[in-house]
1. Would a scan of the stretch 31-42 turn up a residue that is small (Gly, Ala, Ser) and at pLDDT 95 or above?
2. Identify, please: which residue in the stretch 149-166 is open to solvent by less than 40 Å² (accessible area, probe 1.4 Å) and not hydrophobic (A, V, I, L, M, F, W, C) and is, among those, nearest to PRO118 (Cα to Cα)?
3. Out of the residues in the stretch 163-193 meeting the condition of being in a loop (DSSP other than H, G, I, E, B) and in contact with a strand residue (DSSP E or B) (Cβ under 6 Å, 6 or more places away or on another chain), tell me which one is nearest to ASP110 (Cα to Cα).
4. For residues that are in a helix (DSSP H, G or I) and farther than 22 Å from SER45 by Cα, scanning just the stretch 98-125, find the one that is nearest to the chain's Cα centre (by Cα).
5. So which residues in the stretch 47-72 are in a strand (DSSP E or B) and touching a helix residue (DSSP H, G or I) at 6+ places or on another chain (Cβ under 8 Å)?
6. Within the stretch 122-138, count every residue that is touching an Asp or Glu at 6+ places or on another chain (Cβ under 7 Å) and crowded, with 20+ Cβ neighbours inside 10 Å.
7. Got a sec? Which of ILE116, ILE26, ILE44 is in contact with a helix residue (DSSP H, G or I) (Cβ under 8 Å, 6 or more places away or on another chain), closer than 23 Å to ASP184 by Cβ, surrounded by 15 or more Cβ atoms within 10 Å (Cβ to Cβ) and hydrophobic (A, V, I, L, M, F, W, C)?
8. Please identify the pairs in which a residue from the stretch 55-78 that is farther than 16 Å from LYS102 by Cα and at pLDDT below 90 has its Cβ atom under 7 Å from the Cβ atom of a residue that is among the hydrophobic types (A, V, I, L, M, F, W, C) and open to solvent by less than 40 Å² (accessible area, probe 1.4 Å), counting only partners at least 6 apart or on another chain.
Amino acid sequence: MPLPQKERQYTYADYLAWPEDERVEIIEGVPYMQATPSPEHQEISMNLSTQISVYLKGKPCKVYAAPFSVRLIKGDEKEDEDVKNVFEPDITVVCDQSKIDKQGCKGIPDLIIEIISPSSIKHDRVTKFNQYEKAGVLEYWIVEPEGKLVSVFLLQSNGRYGRPEIYTEEETINVGIFPELTIDLNGVFPSVL
């Protein structure tokens, strides 16, 4: 949810000065507080990250789990004060390691996975979806713990996400950017909490 602030554009410099015990993202200069993830959310994140990490071992691409900042830059932002889009996706895959620095990713990741919670549904489905599409993130997943569903969006040649492929907990996902990687959703969603 957006923070009630006066008409002000926040930047990555503000993000760096934010109290460490508060999770925040900045989208188009507007700060959004993030809720603390539930145990179910964390278990799903770990299960997905593990499957991806095992596949990527020894490859140039790396997987990063939250908290991990992603500065979606357009190319003309030279200073921290110029960057107005800072995200903390639940899972981020970056293949070009020159985009990784001590603060996280400065550039466009190859794959982003968001695990929605009741407070983040609109934010993940609309705001982040539009920002990731506009930036050119090749693959975007929205994971729904409640329904045990995963929606996979692939960037098309026209720069837009195509119609999503939707998977249930009994299915496997062939990852678009890694054709040899199959994610077994049966091992992702917790059975009982």
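1. First pass over the stretch 31-42, keeping only residues small (Gly, Ala, Ser): 35, 38.
Now drop any that are not at pLDDT 95 or above, which leaves none.
Within the stretch 31-42, none of the residues are small (Gly, Ala, Ser) and at pLDDT 95 or above.
2. Residues of the stretch 149-166 open to solvent by less than 40 Å² (accessible area, probe 1.4 Å): 150-153, 159, 161-162.
In the following step, the residues that additionally are not hydrophobic (A, V, I, L, M, F, W, C) were identified as 151, 159, 161-162.
Numbers: SER151: 16, GLY159: 29, TYR161: 24, GLY162: 25 Å.
Here the answer is SER151.
3. Initial filter on the stretch 163-193 (in a loop (DSSP other than H, G, I, E, B)): 163-164, 169-171, 175-181, 188-193.
Still in the list and also in contact with a strand residue (DSSP E or B) (Cβ under 6 Å, 6 or more places away or on another chain): 164, 176-177.
On the way: PRO164: 17, GLY176: 10, ILE177: 8 Å.
Checked the stretch 163-193; the qualifying residue nearest to ASP110 (Cα to Cα) is ILE177.
4. In the first step, residues of the stretch 98-125 are kept if they are in a helix (DSSP H, G or I); the result is 98-99, 121-125.
From what is left, the residues that are farther than 22 Å from SER45 by Cα are 98-99.
Values: SER98: 19, LYS99: 15 Å.
It comes out as LYS99.
5. Step one: list which residues in the stretch 47-72 are in a strand (DSSP E or B), which gives 62-65, 69-71.
Correct list: LYS62, VAL63, ALA65, SER69, ARG71.
6. Applying the first criterion (touching an Asp or Glu at 6+ places or on another chain (Cβ under 7 Å)) to the stretch 122-138 yields 124, 128, 138.
Add one more test, that the residue is crowded, with 20+ Cβ neighbours inside 10 Å, and what stays is 124, 128.
Total satisfying the criteria: 2.
7. On the way: ILE26 fails: closer than 23 Å to ASP184 by Cβ; ILE44 fails: in contact with a helix residue (DSSP H, G or I) (Cβ under 8 Å, 6 or more places away or on another chain).
Result: ILE116 is the single residue among ILE116, ILE26, ILE44 that is in contact with a helix residue (DSSP H, G or I) (Cβ under 8 Å, 6 or more places away or on another chain), closer than 23 Å to ASP184 by Cβ, surrounded by 15 or more Cβ atoms within 10 Å (Cβ to Cβ) and hydrophobic (A, V, I, L, M, F, W, C).
8. Taking only residues 6 or more apart or on different chains, the pairs are ILE73/VAL83; GLU77/VAL83.
The values are calculated or read from the model by the stated rules, or taken from the named source; none is laboratory data. Values in this document were obtained by computation on a predicted structure and should not be read as measured data. Cβ coordinates were reconstructed from backbone atoms using ideal geometry, including for glycine residues, and neighbour counts include every protein chain displayed. The accessibility values were calculated without ligands, DNA or RNA, using every heavy atom of the protein model including side chains. Shrake-Rupley method; radii C 1.70, N 1.55, O 1.52, S 1.80 Å.
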